[in-house]
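So the structure is just underneath, and the comments pick up after that.
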Amino acid sequence: MAISYDDVVAKYDPVFGLEVHVELNTESKMFCSCSTIFGGEPNTQTCPVCLALPGALPVVNAAAIESTIKIGLALNCQIAPRSRFARKNYFYPDMPKNFQISQYDEPICFDGYVDVEIDTDEGAKTFRIEVERVHMEEDTGKSLHVGGATGRIHGADYSLLDYNRAGIPLVEIVTKIVPGTGKYAPEVARAYVAELRDILRGLGVSDVKMEQGSLRCDANVSLKPMGSDVLGTRSETKNVNSLRSVERAIRGEMIRHAELLDAGKKVKQETRHFQEDTGLTRSGRSKEQAEDYRYFPEPDLVPVVPDAAWIEELRAALPERPSIRRKRLQEEWQVLDKEMSAMVNADLLDIVEATVLLGSDPTKARSWWLGEISRVANEQNVSVRELSITPKDVAAIVALVNSGELTDKLARAVVEGVIAGEGTPAEVVTKRGIKVVNDDGALMAAIEKVCGEQAETAEKVRSGHLPAAGALIGAVMKETKGQADAARVRELLLGHLGQATS
Amino acid sequence: MIKQSAAEMAQALAKGEVTSTSLTQAHLDRIADVDPSVKAFLHVDAEGALAQAKNIDAKRSAGEKLHPLAGIPLALKDVLAQEGVPTTAGSKILQGWKPPYDSTVVTKLKAAGLVILGKTNMDEFAMGSSTENSAYGPTFNPWDLTRTPGGSSGGSAAAVSSFEAPLAIGSDTGGSIRQPAALTGIVGVRPTYGAVSRYGLIAYSSSLDQAGPIGRTVLDTAMLHDVIAGYDPKDATSVNGAFPDVIAAARSSDVKGMKIGVIKQLQGEGYQNGVQARFDESLQVLASLGAQIVEVDCPSFEFALAAYYLIAPSECSSNLARFDAMRYGLRVGDSDGASAESVMNATRNAGFGHEVKRRIILGTYALSSGYYDAYYGSAQKIRTLIIQDYAKAFAQADVLVSPTAPTTAFKIGEKSNDPIAMYLGDVATIPVNLAGICGMSLPAGLADEDQLPVGFQIMAPAMQDHRLYQVGSALEGALVDKWGGHLISKVPALGGAK
Amino acid sequence: MSSLSRDDVAKLAALARIEMSEEELTNLASQFGMILDAVARVQEVNLDGVVATSHPQPIVNVFRADVVLPSLTSEQALSGAPAQEEDRFRVPQILGEAE
């Protein structure tokens, strides 16, 4: 008995919380000097420390501390005058020490917030997501499960472990529970993760690629009956790998919880895994027998006491908040809300801005990136960023069109060429011999030739039947290998055939 | 030759009277002769030792400037990683493991040119006070082979006291250098916490562990202390500041005007008569040398043992979690249908001894949710009180003293079924570790009732390690005069040769 | 007198991933009471207002610069491995799920 989302939000009030893990882009690992470069040969980026050999000791990466404080400041957090690392003890083969060095009751940043704006039935509305804490920890190694059907852990015969990623610096950002979003819970959650991503990208502390795992999200959802103050049982959903999945996961869990509650059943407190293909979650580990992590202060590391003056320096150097930057750009470029959303949702704002900064006018920049280039990206099933065309290229193409050296149609061919790797716009123009035929003389020659070959059609136009000109213009374009300016051709043709040119 | 002190050997080497190769060979011969009875060594690296000795001899011949201790043989407690050499921490779970790296202590020893003869026996993962908890069998006390040499650095202490090596490195978490030194009639020092790098020291209790020097004389011990102490960026708890000159202090032997504080709680009842007697005499000796004896009161020390046996097991339960059969060490139970979890469980059961398991369980309990505040949390607060008591005491005295251990060496097997009795042996040494300060044990004489060595413990504030050597060398000098030689010269002869 | 039952000890052993024999579990349970009494002495002291000590030295802010240094080779890393395949540590099937 499937119920609709509208039914769900009529009866129940959702409450959610999000835990986001961010991989920092430091050169070396959190507690040792091994490289963090992605994709190395297995177990070539390990040392006694990250392999947890007997006798090894951790030492904190200074850059990771700085990045974490910057994140906390950007999220309006308090920076703890004194914070400590703690051991989170549990056994798992991908975690060499069988404890994770993390932070427990003394995190480095706490009590912050992020404001997000979404479209509601009553127009744009701002929601404040409170951030409970931002703390540092380390990532685990990676396991390959061999022998099972899908390469997943269930049914595998054995596993192969690579510890190159063990010890990569992670920052965990935990929200307080978010009530009061009603039916907009999925969108608010998504907007929060998107805003976090933009903030982190602006800080330059991570490459925040959800598809690659440098930004990971776990979503907690519970429902309470409308009007009640008693929170429902929550479930945690992992493996949420994209913004769209955040939205779908929350929505899906809301429906799943509601179905259970409607049928008089209880929601199990458990961990579930989000499945991209179905948009549903699958049951994982029960959280009722939560492991006792036996946290205690990490004896091998000393407390972190950041200098107050240094924190203020970092605060002053924070880049412009993404939401403020967006408002500023929207005003500067005179863009409508809908068009702004389109750019933001497609994650192309940075690219468009970069193009504008290189001299292009905003409208043209937007039109190229969201239009033709996005089309090609979709066709090739990649993201726009993965194509070999850059803001510099687009700015150059826009300039060429502005100077009349290219028509829009020819410009598309240049874009195609740049994406195909044929070189810069100038190189593509040369290689392909793309040139607007500007020379009226050459155009007239082509026009006369075509009118001679299609005398009957020319006669029609001469007698005032203008639509017939289309076929002649087409033929002239063909004659000039598409390199004529169609508008100019029309002008000259009509003039030649005694018609008004306007 | 092997009966000399390291300082004497160093002089002989410098003068060319003896080569490091022959000195090393002499010690290897001694080991072959007496170690079947003493069982101090788990692994003898004859090849490596002779190669290093030869290397030093070549450098000396070439006129290179060498460290004073270059070419002197040394025994290394098997708790320190030495690249390519079996390192077991006295446990079956690391049987056959050869580290792919050197601990910082070993790096420093090699840089000074010391010749590492081999790895010595120890209580498994440094948990114990008798070396009976070694998975490889106990070590025997050269003074009486039916008795333990103490622990957990029993192998290192036995090696030095049986003349198998003039110098050794041990580790001290609750007294594991000082107590064996006391029970075998030699000198052992537990440096200030953070003075010696823990990188490569297989961890038992991270906030209490320290590696330290063992020798037959105070000066020898000072020279070795000087080699291994120093800041290490690979150890975040390592002290980065001015280190005191322990060698100069060992040569000064002047205690005139110094205040010696006797800790009320660490003597008297519970201490063997002969132990108390030698301790009292040593106080008189120090007084006769111009020191002033005062009594200090450290009431929180009554709870030190309890705090230690919560903190150390808690930290060790976490430190030993890495021994899980996945990346190194023993693996058992890996048959068809086995899971990683079952292999972990079976291996840890087969690879850890009783005492280690006992402490892991105790530590797991003490850290569990609901019990943390009552146990681990409270213990860490007791620690603060102990630090405060020491601070008050050091305001009244330059050094504090006590007998090192309540008894002399006990018989093998005497305390093995009574863990509490075993733990009580650490009552005088533990407060030093909890406070992170430094302590020394040196020979005070033999107890009348059993003619076994008694140790005198000196304690000094953090980073004031030189005070240990200053007072220690003064006391040693006076006692050596009184005895006509170092106490260790009275140890029964062992073996057939020389 | 405090005590732990055999089942309590078994739960702790499971948390610590040690599969102890029945005999060991029972022995440990019987010794535990004594040990717990001894260590429970820490509760006899008035600890109000006392701050816990985790580090004996008052050191803070120890960091290392974000610089890459040579790692072990994969041969060195795998040198102690009980089992390996394709330059990775080979372990038996993992039943539990990752955190």
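The values are calculated or read from the model by the stated rules, or taken from the named source; none is laboratory data. Model, not experiment: these values are computed from the prediction. Here the Cβ positions follow ideal geometry from the backbone for every residue, glycine too, while neighbour counts run over all protein chains shown.
Here are a few things to note about the model shown:
- Checking each residue in segment B:207-255 for being polar (S, T, N, Q), assigned to a loop (DSSP other than H, G, I, E, B) and under 16 Å from residue B:192 (Cβ atoms) picks out B:207, B:210, B:237, B:238, B:240.
- Members of segment A:28-59 found to be under 30 Å from residue A:219 (Cα atoms) and crowded, with 21+ Cβ neighbours inside 10 Å, listed by number: A:28, A:29, A:30, A:31, A:36, A:50
- In segment B:63-75 there is no residue matching the filter, namely being under 27 Å from residue B:200 (Cα atoms), of a type outside the set (Lys, Arg) and free of Cβ contacts under 8 Å to residues at least 24 places away in the same chain.
- Residue within segment A:100-107 that is facing chain C (nearest Cβ under 9 Å) and modelled with pLDDT of 95 or more present: yes
- Residue count for segment B:347-380, restricted to those that are surrounded by fewer than 24 Cβ atoms within 10 Å (Cβ to Cβ), at the interface with chain C (Cβ under 7 Å from one of its Cβ atoms) and free of Cβ contacts under 8 Å to residues at least 12 places away in the same chain: 4.
- Residue that is farthest from residue B:308 (Cα to Cα), among those in segment B:190-219 that are of a type in the set (A, V, I, L, M) and within 13 Å of the chain's Cα centre (by Cα): B:214
- Single residue of A:89, A:25 found to be modelled with pLDDT of 95 or more and surrounded by fewer than 20 Cβ atoms within 10 Å (Cβ to Cβ): A:25
- Total residues in segment A:59-75 satisfying the condition of being within 17 Å of residue A:172 (Cβ to Cβ) and in a loop (DSSP other than H, G, I, E, B): the figure is 1.
- Selection from segment A:52-93 of residues that are of a type in the set (A, V, I, L, M, F, W, C), facing another protein chain (nearest Cβ under 7 Å) and farther than 26 Å from residue B:368 by Cα: A:59, A:60, A:62, A:63, A:65
- Test for residue C:67: is it modelled with pLDDT of 85 or more, buried (at least 18 other Cβ atoms within 10 Å of the Cβ) and more than 19 Å from residue B:309 (Cα to Cα): no
- Meets criteria (in the same structural domain as residue A:21 (by TED's automatic domain parsing) and without any contact (Cβ under 8 Å) to a residue 40 or more places away in the chain) for residue A:120: no
- Of the set (1) at pLDDT 95 or above; (2) closer than 30 Å to residue A:263 by Cβ, all apply to residue A:7 but (1).
- Of all residues in segment A:380-411, those satisfying the criterion of being modelled with pLDDT of 90 or more, assigned to a helix (DSSP H, G or I) and not small (Gly, Ala, Ser) are A:391, A:392, A:393, A:394, A:397, A:398.
- Restricting B:103, B:129 to residues that are away from every other protein chain (no Cβ under 14 Å), closer than 25 Å to residue B:195 by Cβ and within 17 Å of the chain's Cα centre (by Cα) narrows the list to B:129.
- Residue under evaluation residue C:4, criteria (1) free of Cβ contacts under 8 Å to residues at least 24 places away in the same chain; (2) facing chain B (nearest Cβ under 9 Å); (3) surrounded by 18 or more Cβ atoms within 10 Å (Cβ to Cβ), criterion not met: (1)
- Contact map, segment C:21-44: residues that are within 15 Å of residue C:8 (Cα to Cα) paired with residues that are acidic (Asp, Glu), Cβ distance under 8 Å, separation 6+ or inter-chain. Pairs shown: C:29/C:8.
- Any hit, segment C:20-35, residues being within 7 Å of chain B (Cβ to nearest Cβ), outside any loop (DSSP other than H, G, I, E, B), within 30 Å of residue A:59 (Cα to Cα) and within 20 Å of the chain's Cα centre (by Cα): no
- Meets criteria (within 14 Å of chain C (Cβ to nearest Cβ), more than 18 Å from residue B:175 (Cβ to Cβ), of a type outside the set (Val, Ile, Thr) and not in a strand (DSSP E or B)) for residue B:417: yes
- From the list B:21, B:88, the one residue that fits, being touching a Leu at 6+ places or on another chain (Cβ under 7 Å), β-branched (Val, Ile, Thr), on the phi < 0 side of the Ramachandran plot and outside any helix (DSSP H, G or I), is B:88.
- Test: residue in segment A:271-281 that is within 14 Å of another protein chain (Cβ to nearest Cβ), part of a loop (DSSP other than H, G, I, E, B) and over 21 Å from residue A:197 (Cβ atoms): no
- Filter pass, residue A:128 being crowded, with 18+ Cβ neighbours inside 10 Å, free of Cβ contacts under 8 Å to residues at least 60 places away in the same chain, over 30 Å from residue C:87 (Cα atoms) and not polar (S, T, N, Q): no
Residue by residue, here is whether (1) buried (at least 24 other Cβ atoms within 10 Å of the Cβ); (2) of a type in the set (Phe, Trp, Tyr) holds:
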site: B:390; (1), (2): yes, yes
site: B:411; (1), (2): no, no
site: B:468; (1), (2): yes, no
site: B:471; (1), (2): yes, no
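- Segment A:326-344, subset hydrophobic (A, V, I, L, M, F, W, C) and modelled with pLDDT of 90 or more, residue farthest from the chain's Cα centre (by Cα): A:333
- Within segment B:50-81, restricting attention to residues that are surrounded by fewer than 19 Cβ atoms within 10 Å (Cβ to Cβ) and under 17 Å from residue B:26 (Cβ atoms), the residue that is farthest from the other protein chains (Cβ to nearest Cβ) is B:54.
- The residue that is surrounded by the most Cβ atoms within 10 Å (Cβ to Cβ), counting only those in segment C:70-95 that are assigned to a helix (DSSP H, G or I), within 7 Å of another protein chain (Cβ to nearest Cβ) and of a type outside the set (A, V, I, L, M, F, W, C), is C:74.
- Residue that is within 12 Å of chain C (Cβ to nearest Cβ), surrounded by 23 or more Cβ atoms within 10 Å (Cβ to Cβ) and not charged (D, E, K, R), where the choices are B:424, B:442, B:434: B:434
- All positions within segment B:182-208 that are within 14 Å of chain A (Cβ to nearest Cβ), touching a helix residue (DSSP H, G or I) at 6+ places or on another chain (Cβ under 9 Å) and within 19 Å of residue B:243 (Cα to Cα): B:193, B:196, B:197, B:198, B:199
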